Structures are given as C-alpha cells and as structure tokens.
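The values are calculated or read from the model by the stated rules, or taken from the named source; none is laboratory data. If you're wondering where the values come from, they're calculated on a predicted model, not measured in any experiment. Quick reminder, even Gly has a Cβ in these numbers, built from the backbone with ideal geometry, and neighbours come from all protein chains shown.
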Amino acid sequence: KNEVEQSPQNLTAQEGEFITINCSYSVGISALHWLQQHPGGGIVSLFMLSSGKKKHGRLIATINIQEKHSSLHITASHPRDSAVYICAVREVAGSARQLTFGSGTQLTVLP
Amino acid sequence: NAGVTQTPKFQVLKTGQSMTLQCAQDMNHEYMSWYRQDPGMGLRLIHYSVGAGITDQGEVPNGYNVSRSTTEDFPLRLLSAAPSQTSVYFCASSYSFSTGVNYGYTFGSGTRLTVV
C-alpha cells in the first residue's frame with residue numbers, strides 16, 4: 001500500500017509570499033493529483049501529473065518520479081488561497097488503481 | 001451545470017437508523033467512488049464502481065452498501081448507523097477509468113453526517 005506523506009501539515013504565510021507544499025510517496029505511481037479543499041468543504045482538482053511540471057496561473061506543480069516526490073508552489077499568495085491542499089496518488093500496479101490520499105496541508109494566508 | 005451532485009449536505013441520524021446518500025453525475029463518467037474524510041486521516045475510499053452494474057470495496061467498506069444501476073447514479077447506503085460513521089462523505093467521478101487514460105477527478109460538495 002502506498003504511503004503518502006505531506007509537509008508541512010500547517011502553514012501560515014503573509015500575503016505575497018511564495019508557498020511550497022511537499023508530497024512524498026512510497027511506491028511507483030501512474031499519476032499524482034493535487035486537490036484543494038475550500039473552507040466550506042468542497043474539493044477541487046487542481047492538477048494531475050505523471051511527469052515534469054504544470055502551471056495554472058499562480059499555481060505550479062512539479063513531480064520527480066525517481067525521487068517519488070512532488071511539490072505544489074503558489075506564487076504571490078493571497079488570502080483567498082487559504083485552504084487545505086491534498087496530494088493523492090494512483091498506483092501503477094493493482095486492479096483497483098485507486099487513489100491514496102495524503103492527510104493534507106492547511107494553508108492560511110494572512111493579509 | 002455539469003458536475004457531481006451530492007445530497008443531502010447535512011444529516012443527523014440516530015444510532016441504528018438507515019439512510020442513503022445520493023450521488024449523481026452528468027458527465028458520462030465511468031468511474032465513481034465514495035470517500036469519507038475524518039480529522040487527521042485524510043480521505044479514505046469506501047466503495048467504488050468502474051461502470052454500471054460493477055462495484056467493489058475500498059479501504060473502509062464495513063457498514064456501507066452501494067449499487068450502480070445507471071452510469072449517472074451511485075448511492076451510498078448506511079445500513080445501521082453507528083457513531084463511528086460520523087464523518088464527511090465525498091463522492092467523486094472520473095472518465096474512461098477502464099481504458100487506463102488518466103483524467104482528473106470531479107468531487108461532489110460533500111455530506112456532513114452526524115450519528116448520535
């Protein structure tokens with residue numbers, strides 16, 4: 001079973017700061033997802049990665065398959081970025097090919 | 001609006017009661033799944049379905065039943081509610097799961113369930 005670890009668990013930043021959230025996993029994967037859970041509870045899929053790097057506006061996600069590690073970066077952070085960010089991986093092997101989730105990183109951006 | 005619709009948003013049950021959480025998607029997604037989210041535990045898979053008529057157990061299936069009679073609907077049934085089932089429940093769907101093509105997941109807005 002894949003173990004997915006995120007760090008840090010909690011992160012407080014000032015508006016405008018550059019944010020990095022890390023995700024490590026233990027076995028090979030076919031895809032890694034970054035999700036954002038809003039304070040109201042809704043979950044949005046931000047990125048799905050299998051290699052390299054993706055960028056959507058101020059959000060950047062990278063993955064290093066060899067090191068089994070991914071990072072989510074937020075540039076010029078804003079209070080509306082405050083949310084829980086969740087990393088999830090889909091394993092290569094196994095008939096279920098389900099997602100395994102990290103426990104999330106609570107980000108608070110102060111004005 | 002296309003997406004995943006979950007109902008109800010909030011529910012309080014007494015121990016032993018049964019209920020069904022509804023999940024519907026209008027994106028013709030093959031794959032649907034139910035998760036529960038508990039503090040410090042992350043999301044855990046309860047049951048999933050890779051198409052109409054096909055369901056399977058996830059990580060924490062005990063106390064829950066599912067069925068998938070249509071592509072659109074994937075209800076989750078609590079047979080006899082217990083306080084340990086107090087949680088937030090999310091339904092999610094994804095397209096072309098069976099072909100192995102990687103698509104993103106669309107999540108419902110969640111159901112907050114309290115069992116007293």
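Suppose we keep only residues that are more than 10 Å from chain A (Cβ to nearest Cβ), surrounded by 15 or more Cβ atoms within 10 Å (Cβ to Cβ) and at pLDDT 90 or above within the range B:94-116. Which one would you say is farthest from residue B:34 (Cα to Cα)?
In this case the residue turns out to be B:115.
Could you list, in sequence order, the residues of the range A:28-47 that are among the aliphatic types (A, V, I, L, M) and more than 10 Å from residue A:90 (Cα to Cα)?
Going residue by residue through the range A:28-47, those that are among the aliphatic types (A, V, I, L, M) are A:29, A:31-32, A:35, A:43-44, A:46.
The answer is A:35, A:43, A:44, A:46.
Kindly evaluate residue A:16 against the criterion of being within 20 Å of residue B:33 (Cβ to Cβ) and either among the basic types (Lys, Arg) or not in a strand (DSSP E or B) (or both). If you could, list the steps in order and put the result at the bottom.
Working: within 20 Å of residue B:33 (Cβ to Cβ): no; either among the basic types (Lys, Arg) or not in a strand (DSSP E or B) (or both): yes.
No: the conditions fail for residue A:16.
Conditions (1) surrounded by 15 or more Cβ atoms within 10 Å (Cβ to Cβ); (2) away from chain A (no Cβ under 12 Å); (3) not aromatic (Phe, Trp, Tyr), marked per residue:
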position: B:11; (1), (2), (3): yes, yes, yes
position: B:25; (1), (2), (3): yes, yes, yes
position: B:44; (1), (2), (3): yes, no, yes
position: B:51; (1), (2), (3): no, yes, yes
position: B:56; (1), (2), (3): yes, no, yes
position: B:63; (1), (2), (3): no, yes, yes
position: B:67; (1), (2), (3): yes, yes, yes
position: B:71; (1), (2), (3): yes, yes, yes
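Residues that are under 18 Å from residue B:43 (Cβ atoms), within 12 Å of chain B (Cβ to nearest Cβ) and surrounded by 14 or more Cβ atoms within 10 Å (Cβ to Cβ): does the range A:68-78 have at least one?
From the range A:68-78, those under 18 Å from residue B:43 (Cβ atoms) are A:70, A:72; that's our starting set.
Going one step further and asking which of them are within 12 Å of chain B (Cβ to nearest Cβ), we end up with none.
Within the range A:68-78, none of the residues are under 18 Å from residue B:43 (Cβ atoms), within 12 Å of chain B (Cβ to nearest Cβ) and surrounded by 14 or more Cβ atoms within 10 Å (Cβ to Cβ).
Give the residue, chosen from B:43, B:21, that is within 28 Å of residue A:9 (Cα to Cα) and touching a Phe, Trp or Tyr at 6+ places or on another chain (Cβ under 7 Å).
Details: B:21 fails: within 28 Å of residue A:9 (Cα to Cα).
The conditions single out B:43.
Which residues, taken from the range A:51-80, are at pLDDT below 90 and part of a helix (DSSP H, G or I)?
A:80
Check residue A:27 against each of (1) within 13 Å of another protein chain (Cβ to nearest Cβ); (2) over 30 Å from residue B:10 (Cα atoms); (3) at pLDDT below 85 and name the one condition it does not meet.
With respect to (1) within 13 Å of another protein chain (Cβ to nearest Cβ); (2) over 30 Å from residue B:10 (Cα atoms); (3) at pLDDT below 85, residue A:27 is out only on (1).
Yes or no, residue by residue, for (1) surrounded by 14 or more Cβ atoms within 10 Å (Cβ to Cβ); (2) within 14 Å of chain B (Cβ to nearest Cβ); (3) polar (S, T, N, Q):
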residue: A:11; (1), (2), (3): yes, no, no
residue: A:18; (1), (2), (3): no, no, no
residue: A:23; (1), (2), (3): yes, yes, no
residue: A:32; (1), (2), (3): yes, yes, no
residue: A:43; (1), (2), (3): yes, yes, no
residue: A:47; (1), (2), (3): yes, yes, no
residue: A:63; (1), (2), (3): yes, yes, no
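Looking only at the range B:45-87, count every residue that is closer than 17 Å to residue A:99 by Cβ, in contact with a Lys or Arg (Cβ under 8 Å, 6 or more places away or on another chain) and modelled with pLDDT under 95 and tell me the total.
6
One residue is enough: does the range A:51-66 have a residue meeting the conditions touching a strand residue (DSSP E or B) at 6+ places or on another chain (Cβ under 9 Å) and either closer than 30 Å to residue B:113 by Cα or in contact (Cβ under 8 Å) with a residue 40 or more places away in the chain (or both)? Before the answer, list the steps.
Within the range A:51-66, the subset touching a strand residue (DSSP E or B) at 6+ places or on another chain (Cβ under 9 Å) is A:51-56, A:58-65.
Of the ones still in play, those that are also either closer than 30 Å to residue B:113 by Cα or in contact (Cβ under 8 Å) with a residue 40 or more places away in the chain (or both) are none.
No - not one qualifying residue is present in the range A:51-66.
Would you say residue A:88 is modelled with pLDDT under 90, in a strand (DSSP E or B) and crowded, with 17+ Cβ neighbours inside 10 Å? Quick ask: steps written out before the conclusion?
Values: modelled with pLDDT under 90: no; in a strand (DSSP E or B): yes; crowded, with 17+ Cβ neighbours inside 10 Å: yes.
No: the conditions fail for residue A:88.
Where in the range B:1-59 are there strands (runs of 3 or more DSSP E), lying wholly inside it, with at least 2 residues that are under 16 Å from residue B:112 (Cα atoms)?
Details: elements: B:4-7, B:10-13, B:19-25, B:31-38, B:42-51, B:54-57.
Those strands (runs of 3 or more DSSP E) span B:4-7, B:10-13, B:19-25, B:31-38, B:42-51.
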